[in-house]
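Each remark here refers to the structure printed beneath this line.
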Amino acid sequence: MAATSGTDEQVSGELVSVAHALSLPAESYGNDPDIEMAWAMRAMQHAEVYYKLISSVDPQFLKLTKVDDQIYSEFRKNFETLRIDVLDPEELKSESAKEKWRPFCLKFNGIVEDFNYGTLLRLDCSQGYTEENTIFAPRIQFFAIEIARNREGYNKAVYISVQDKEGEKGVYNGGEKVADNGEEENTKNRGEKGADSGEEKKEGINREDKTDKGGEKEKEADKEINKSGEKAM
């Protein structure tokens, strides 16, 4: 038990260390591969959840934080002309851009949880999270740009694209169902036609049998008539 307790404490200590490391700004962890991997995995999970969200719900109705209004207001006050549908990395990563973004980001320290946490941000909002279309950004920068994209209608391109594909898939499946029903109807018609032909054939045979029997009766009657005539003579 003592050994187990010691192991649990060690694992717990490691988790606390990792959590502390992930709470630090990206510049604080340098090139440590373990920390970089932890950052990347957590950021990728966040990106996948967010992309599914804007694909399934009209982004204009989404609320990403409790202070969306404040973030959007401050963002457009400080970056009134920044193009957000397709981002220019230089507008985020250049030295002059960092100087302008820093006061904005620090304003939300203590207001937005993990405001400086590394997050994946799409450059072209009409596309998904691919290697070519993604950069790392502080969480508050991600919130500012994505809230603006949602409110200004840019992210709706993703929602419409996914919904159109789902609609086409449903129509295609419905078409197959209609085709199947058509085949069933044709099969039913062929069966009924076959049954009708069988009935007609059976009636024809019965008529032929009746005709043959009638002819035989006429022959027998003729024979009786002939016999009666012969006796009379």
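The values are calculated or read from the model by the stated rules, or taken from the named source; none is laboratory data. What you see is a predicted model; the values in this text were computed from it and never measured. Here Cβ is always computed from backbone atoms with ideal geometry, including for glycine, and neighbour counts include all displayed protein chains. To get the accessible areas, we keep the full protein, side chains included, count just its heavy atoms, and leave off ligands, DNA and RNA. Shrake-Rupley method; radii C 1.70, N 1.55, O 1.52, S 1.80 Å.
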Greater than 21 Å apart at Cα, pairs in LYS52/LYS169; LYS63/LYS165; LYS52/LYS156; LYS77/LYS98; LYS66/LYS100; LYS77/LYS107: LYS63/LYS165; LYS66/LYS100
Net dipole in debye of segment 66-167 [+1 Lys, Arg Cβ; -1 Asp, Glu Cβ; about Cα centre; nearest 20]: 300
With DSSP loop assignment and no more than 10 other C-beta atoms within 10 Å, the trypsin sites (Lys or Arg not before Pro) in segment 79-128 are ARG83
Portion, in percent, of the accessible area of segment 66-167 that falls on carbon or sulfur, probe 1.4 Å: 48
Hey, what's the Cα Rg ratio for segment 53-178 versus the globular rule of thumb, 2.2 N^0.38 Å? 1.23
